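Every number here is computed from the coordinates shown, using simple stated rules; none is lab data. Not measured: the values here are computed from a predicted model.
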């Protein structure tokens, strides 16, 4: 067996363990989204539009100075000290393939409660609550491999992916470990 094959098999086993861990974490989540009871926060970050179920949102705060990461990425921006708790801040648009959003003083951060910790998402305006937003659509093909997108909604002629902040937090934590 070649060294390259050993490395690939080792990486495959590692990914299988990681996938099993994610499956255990999401096992309690509902399998379908009930659109009749769905209320979301409709957010923008530059060109990207996305939705967050309102029950996952803790608060929306004005844009603030972030603590830098040793090796920031285009989408993992830094951390925010929010009442003594360090909250990782992400640019979802950059993570789903849009141009990274350069924040300004009028922007906001949507803080989501994820299990026992928080996650912040860069938003270019104060998000809008949309109730009973209509039928949940399939995940757009360009986002099919994005692990934290669980569906999509059509809002004002735009298709906006619905995010799972639990899964997004897992992706952010994995990325932070790499950085």
Quarter of the surface of the C-alpha convex hull for the stretch 31-105, i.e. direction-averaged projected area in nm², equals 6.5 nm²
If every alpha-carbon in the stretch 37-178 counts as one equal scatterer, what log10 I(q)/I(0) does Debye give at q = 0.13, 0.16 1/Å? -0.50, -0.78
The stretch 37-178: antiparallel bridges as % of DSSP beta bridges, rounded to 5, reads 90 percent
